[in-house]
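Chemist: Here it is: the structure, laid out below.
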Amino acid sequence: MNMKDTVHRSFSEQYGGTGDFYASSGRINLIGEHTDYNGSFVFPGAIDRKIVVEIRRNGGNRARVFSVNMGEACEFGFNEEDIPRTAWARYIFGVCREIIKLRGAVLGGFDAAFAGDIPLGAGMSSSAALESAFAFALNDIFKTGIDLYGLARIGQATEHNYCGVQCGIMDQFASLFGKAGSLIRLDCRSMEYRYFPFNPEGYRLVLLDSCVKHELASSAYNRRRASCENVVRAIRDSGHPGTEYLRDVSAGMLGEVKGKVSEEDYMRTEYVIEETRRVLEVSSALESGDYETVGRKMYETHEGMSRLYQVSCEELDFLNSIALECGVTGSRVMGGGFGGCTINLVRDDIYESFLDTSVGKYRDRFGFAPKIYPVVICDGAGRL
Ligand code: GLA
């Protein structure tokens with residue numbers, strides 16, 4: 001059964017009749033990690049793993065929602081104190097609250113069922129897809145007139161205010177703006193973006209899921225963000241009052257605050273400065289079809305995320321080193337880190353042997369196999 005039929009079966013069992021269908025996607029990111037909240041560039045694309053929602057206004061003032069994957073229902077009202085205990089429902093509640101904050105009491109009650117095939121905690125943005133699917137659907141059925149940027153901001157604010165993650169805008173943006181066959185280079189300061197058709201002949205993109213998710217990933221993520229903000233403050237105080245983001249900071253400016261910021265914060269900033277440069281180098285390399293350079297930059301990002309930003313882990317470093325040994329063009333930890341996937345740019349001729357070797361060696365070392373997700377770049381949110 002396809003996902004739409006699965007969702008509909010639950011919808012009709014729970015509420016009877018039919019609603020409207022919407023979907024939104026998970027994402028990959030080619031390069032530009034932990035740069036979004038630093039006002040810099042990212043390079044994501046939406047993928048063929050989705051959240052599908054069936055939804056209908058119910059004429060009341062409460063939401064009834066059913067998660068097909070969890071086999072669990074949740075009902076809530078729309079006041080701040082109605083926040084549900086159920087973790088998955090908080091994303092949907094948060095989206096409702098953020099729409100209300102923006103547009104007033106335009107939101108009425110609704111019934112919805114949803115299902116998804118984005119692995120949870122794998123760094124493929126299942127939560128952003130859930131937020132984006134509901135933001136898109138609610139905006140449409142209640143005619144709240146919010147544009148796609150606004151919907152992305154609603155998802156991001158949901159993470160900040162209801163889920164405890166001070167994330168940037170990349171995941172929600174990719175989930176909403178994704179386009180089949182293209183990656184998106186987004187400038188997270190100006191919010192200007194450009195689609196780059198991505199069809200690297202002779203290469204494939206594949207994710208290897210370490211299947212580990214480290215506890216406290218969200219507090220570690222928030223600490224990374226706080227480090228970046230510490231350095232911005234220090235630089236502002238040392239004669240550069242216009243500095244808004246690490247994007248604005250050069251290696252020279254960073255040198256001026258050496259000794260005034262912690263060593264750890266200093267290292268985090270070195271990474272962000274280098275990563276910003278790498279995204280621009282990858283943009284030019286993509287334009288000339290130079291995938292070997294793209295791949296080299298991916299390895300450099302892994303190195304930076306592991307050594308300077310310290311968001312990798314033993315399992316991901318191991319996957320990365322196998323890729324290098326196998327002669328894979330590019331490989332790195334993807335997304336926030338602390339577990340999840342590596343993204344790999346692999347030549348066709350070594351694709352199968354690379355996957356076999358990775359599975360075998362990883363299993364020998366850790367006792368379980370990584371999961372393999374070939375990447376297909378698809379459209380983002382929409383009505384089905
Ligand atoms: C998570 C966040 C994003 C971004 C990435 C790292 O996915 O949600 O905003 O910061 O980590 O690039």
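Chemist: Hey, what's the Cα Rg ratio for the range 174-298 versus the globular rule of thumb, 2.2 N^0.38 Å? Before the final figure, lay out the partial values.
Modeler: Numbers: Rg = 17.5 Å, N = 125, 2.2 N^0.38 = 13.8 Å.
Against the compact-globule rule of thumb, the ratio is 1.27.
Chemist: All other residues with a Cβ under 15 Å from the Cβ of Leu254 taken together, and with Lys, Arg as +1 and Asp, Glu as -1, what is their net charge? All intermediate terms of the calculation are to be shown ahead of the outcome.
Modeler: Values: positive: Arg233, Arg236, Arg247, Lys258, Lys260, Arg268, Arg277; negative: Glu229, Asp237, Asp248, Glu256, Glu263, Glu264, Asp265, Glu270, Glu274, Glu275.
Charge balance in the 15 Å sphere: -3.
Chemist: I need the fraction of alpha carbon pairs in the range 80-228 separated by more than 24 Å, rounded to a whole percent. Don't skip to the end; give the middle numbers.
Modeler: On the way: 4234 of 11026 pairs.
For the range 80-228, the share of Cα pairs beyond 24 Å comes to 38 percent.
Chemist: Moving on to the next point. To the nearest 0.05, how large is the calculated FRET efficiency for Ser321 and Arg189 if R₀ is 35 Å and r is the Cβ-Cβ distance? Could the numbers behind the result be given before it?
Modeler: Details: r = 34 Å, r/R0 = 0.98.
Approximately 0.55, to the nearest 0.05.
Chemist: Does anyone have the angle between helix 291-307 and the longest principal axis of the chain? Alpha-carbon axes, 0 to 90°, nearest 10?
Modeler: Between helix and principal axis, roughly 90 degrees.
Chemist: Determine the principal axes of the Cα atoms in the range 1-57, then give the extent along each, sorted from largest to smallest and rounded to whole angstroms.
Modeler: Computed over the range 1-57, the largest-to-smallest principal extents equal 47, 25, 13 Å.
Chemist: Within the chain, what percent of beta bridges assigned by DSSP are antiparallel, to the nearest 5? Display every interim value, and only then the final one.
Modeler: Details: 48 of 54 bridges.
About 90 percent, rounded to the nearest 5.
Chemist: Now for a separate question. For the range 22-100, report the % of Cα-Cα distances exceeding 22 Å. Working shown, then result.
Modeler: Details: 1339 of 3081 pairs.
Summing the P(r) tail past 22 Å for the range 22-100 gives 43 percent.
Chemist: Rounded to the nearest 20 Debye, what is the dipole magnitude of the chain about its Cα centre when Lys and Arg each give +1 and Asp and Glu each give -1 at the C-beta? Provide the component values of the computation, followed by the final result.
Modeler: Numbers: 43 positive and 52 negative charges, 165 e Å.
Here the size comes out at about 800 debye.
Chemist: Could you sort 250-257, 318-325, 166-173 so that the peptide with the highest average Cβ count within 10 Å comes first and the rest follow in order?
Modeler: Details: 250-257: 14.2, 318-325: 19.1, 166-173: 25.1.
Per-residue mean Cβ counts within 10 Å order the peptides as 166-173, 318-325, 250-257.
Chemist: Next question. How high is the relative contact order of the chain, given as a whole-number percent (alpha carbon pairs under 8 Å, six or more residues apart)? Mind showing how you got there, number by number?
Modeler: Working: 790 pairs, mean separation 88.8, N = 384.
Relative CO of the chain lands at 23 percent.
Chemist: If you average over every viewing direction, what projected area does the convex hull of the Cα atoms of the range 1-150 give, in nm²?
Modeler: Working: hull surface 37.6 nm².
The Cα convex hull of the range 1-150, projected and averaged over all directions, gives 9.4 nm².
Chemist: Here's a follow-up. Hey, got the dipole for the range 77-220? About the Cα centre, +1 on K and R Cβ, -1 on D and E Cβ, debye to the nearest 20?
Modeler: Using only the charged Cβ atoms, the result is roughly 260 debye.
Chemist: Ignoring solvent entirely, what values of log10 I(q)/I(0) come out of the Debye formula for the range 209-282 at 0.11, 0.17 Å⁻¹ when each Cα is a single scatterer?
Modeler: -0.32, -0.67
Chemist: For the chain, divide the Cα radius of gyration by the Kirkwood radius and give the resulting Rg/Rh value with two decimals.
Modeler: Values: Rg = 21.1 Å, Rh = 21.5 Å.
On the Cα set of the chain, Rg over Rh gives 0.98.
Chemist: Lysines near Lys179 by alpha-carbon distance under 23 Å, same-chain residues fewer than 8 away left out - which ones?
Modeler: Within the straight-line cut-off, Lys179 pairs with Lys4, Lys50.
Chemist: As I understand it, the dipole of the chain uses +1 on the Cβ of Lys and Arg and -1 on the Cβ of Asp and Glu, about the Cα centre. Which of Phe198, Ile350, Gly155 lies farthest toward its positive end?
Modeler: Checking the options against the dipole of the chain, the answer is Gly155.
Chemist: Right, here's the next one. Would you be so kind as to identify which of Asn230, Gly295, Thr269 lies farthest towards the positive end of the dipole of the range 214-311, taking Lys and Arg as +1 and Asp and Glu as -1 on Cβ and the Cα centre as origin?
Modeler: The residue sitting most towards the positive pole is Asn230.
Chemist: Would you mind ranking Val376, Val311 so that the residue whose beta carbon has the fewest other beta carbons within 10 Å leads the list?
Modeler: Numbers: Val376 14, Val311 25.
Taking fewest neighbouring Cβ atoms as first place, the list is Val376, Val311.
Chemist: By what distance, in whole Å, do the Cα atoms of the range 280-384 stretch along each of the three principal axes, largest value first?
Modeler: 39, 38, 32
Chemist: When ranked by the protection proxy of mean other Cβ atoms within 10 Å per residue, highest first, what sequence do the peptides 89-99, 352-362 form?
Modeler: 89-99, 352-362
Chemist: Okay, moving on. Relative contact order (percent) for the range 123-264, with alpha-carbon contacts under 8 angstrom and 6 or more residues of separation?
Modeler: Working: 108 pairs, mean separation 21.8, N = 142.
Rounded, it is 15 percent for the range 123-264.
Chemist: Could you put Arg383, Arg347, Arg85 in order, starting from the residue whose Cβ has the fewest other Cβ atoms within 10 Å?
Modeler: Arg85, Arg383, Arg347
Chemist: Could you list Glu281, Glu81, Glu244 so that the one with the fewest beta carbons within 10 Å of its beta carbon is first and the one with the most is last?
Modeler: Values: Glu281 17, Glu81 5, Glu244 12.
Result, fewest neighbours first: Glu81, Glu244, Glu281.
Chemist: Between the range 115-162 and the range 26-87, what is the C-alpha centre distance in whole Å?
Modeler: 4
Chemist: To the nearest µm²/s, what D does Stokes-Einstein give for the range 90-170 at 10 °C and 1.306 mPa s, using the Kirkwood radius over alpha carbon pairs as Rh?
Modeler: Estimated via Stokes-Einstein, D reaches 124 µm²/s.
Chemist: Here's a follow-up. Output the peptides 100-111, 40-51 sorted from most to least packed, where packing is the average of other Cβ atoms within 10 Å over each peptide's residues.
Modeler: On the way: 100-111: 15.8, 40-51: 25.6.
In decreasing order of mean packing, 100-111, 40-51 become 40-51, 100-111.
Bear in mind that the values in this text are calculations on the coordinates, not laboratory data. What you see is a predicted model, and the numbers here were worked out from it, not measured in a lab. Cβ coordinates were reconstructed from backbone atoms using ideal geometry, including for glycine residues, and neighbour counts include every protein chain displayed.
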